[in-house]
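Each remark here refers to the structure printed beneath this line.
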Amino acid sequence: MKKILSLIMVLAMVLALAACGSKTKSGVEDGVLTIAMECAYAPYNWTQSDDSNGAVPIANVPGSYANGYDVMIGKKIAEANGWQLEVIQSDWDSLVPGVQTGTFDAVIAGQSMTAERSEQVDFAGPYFYATIVCVTKADGKFANATSIADLAGGSCTAQIATIWYDQCLPQIEGANIQTAAETAPAMLMALETDTVDFICTDMPTAQGAVAAYPDMKILDFSGTDGDFQFSDEVRAENVNIGVSVMKGNTALKDKIDAVLSTMTADDFNDLMAYAISVQPLSE
């Protein structure tokens with residue numbers, strides 16, 4: 001009897017280890033794709049109080065729902081693979097560690113596919129191609145700027161741990177760079193309250209900002225000599241937005257890529273335009 005019990009215990013342990021390994025191999029356990037995002041980075045993602053416009057519940061914030069471009073992309077990936085979608089709210093600085101530890105299967109949160117991040121996680125995608133822009137007040141002293149040279153001496157900020165803050169703002173001569181904003185809404189509020197003269201971000205975030213705050217204006221210097229300067233490699237890394245998964249989880253990466261590969265840049269732009277059209281005026 002002891003031998004039989006021991007054999008049963010060994011078999012149970014083997015099955016348990018196999019079940020744990022299945023998440024590493026496929027990235028999805030029990031048919032549920034768990035993704036994380038800030039739920040506060042419109043138009044990529046935001047929080048709302050109901051399920052209107054296809055919003056999904058936020059699993060760790062009862063009574064709240066997530067929506068936005070990231071949620072819409074997550075739904076497409078889940079539906080194509082026959083998975084349920086679960087959204088977890090997580091702060092920006094916790095997104096990469098959460099993927100590394102397997103707390104969630106993937107992050108779909110407007111993350112640029114930078115070389116630094118690619119050392120920590122694997123990226124599927126891109127699922128959007130963005131551009132670098134600045135945003136200022138439409139009636140402000142920098143409203144007519146046509147290059148970053150025209151922004152000299154202005155006070156500015158961007159979101160923490162982004163290329164916008166770390167590499168773009170320092171290129172502006174004499175820029176009075178303020179403390180980095182912890183979140184995109186905080187960055188926008190700094191501009192709205194005239195704490196800064198302008199901010200630096202990507203085009204979708206800027207478009208969402210102008211939709212929510214009509215007194216703001218986008219300054220797009222892309223394609224001109226007055227644009228921010230990077231190598232082609234660095235620029236590509238930071239305008240391509242990807243889905244991060246655990247290092248080595250090629251099965252999940254491949255399944256996500258299989259879905260994204262069916263979409264064109266126009267498809268991405270159309271979906272982003274829809275997300276901007278349904279985003280709340282305030283979060």
With -39,500 (n - 2.57) per DSSP H segment of 4 or more residues and division by the full residue count of the chain, the 222 nm estimate, nearest 500 deg cm²/dmol, is -10500 deg cm²/dmol
Return the distance in nm (one decimal) between the two label points of a simple spin-label model at Thr131 and Asp220, each offset 7 Å from Cα along Cα→Cβ.
0.4 nm
Round to the nearest 0.05 the FRET efficiency obtained for Ala149 and Thr250 when R0 = 51 Å and r is the Cβ-Cβ distance.
0.70
Can you tell me which of Pro57, Pro126, Pro214 moves the most in a GNM of the chain? Springs connect C-alpha atoms under 10 Å apart.
Pro214
How high is the relative contact order of the chain, given as a whole-number percent (alpha carbon pairs under 8 Å, six or more residues apart)?
26 percent
Return the sequence-ordered ³J(HN,Hα) values of region 102-107 in whole Hz as given by the Karplus equation 6.51 cos²θ - 1.76 cosθ + 1.60 applied to θ = phi - 60°, using x for Gly and Pro.
x, 4, 9, 6, 7, 10
What is the total of Lys pairs in the chain with C-alpha atoms under 17 Å apart, excluding same-chain pairs fewer than 8 positions apart?
13
Which entry is the computed percent of Cα pairs over 27 Å apart for this structure: (i) 37; (ii) 42; (iii) 32?
(ii)
Carbon + sulfur, % of accessible area of the chain - ligands and nucleic acids excluded, 1.4 Å:
55 percent
Solvent-accessible area per residue, Å², over region 221-283 with all protein chains present [probe radius 1.4 Å]
51 Å²
Mean accessible surface per residue for region 82-206, computed with a 1.4 Å probe while every protein chain stays in place, in Å²:
39 Å²
Using only Cα atoms, locate the centre of region 59-131 and the centre of region 249-283, then give the distance between them in Å, rounded to an integer.
11 Å
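The values are calculated or read from the model by the stated rules, or taken from the named source; none is laboratory data. Since the structure is predicted, the reported quantities are computational estimates derived from the model, not experimental observations. Positions of Cβ are backbone-derived with ideal geometry, glycine not excepted, and every protein chain shown enters the neighbour counts. To get the accessible areas, we keep the full protein, side chains included, count just its heavy atoms, and leave off ligands, DNA and RNA. Shrake-Rupley method; radii C 1.70, N 1.55, O 1.52, S 1.80 Å.
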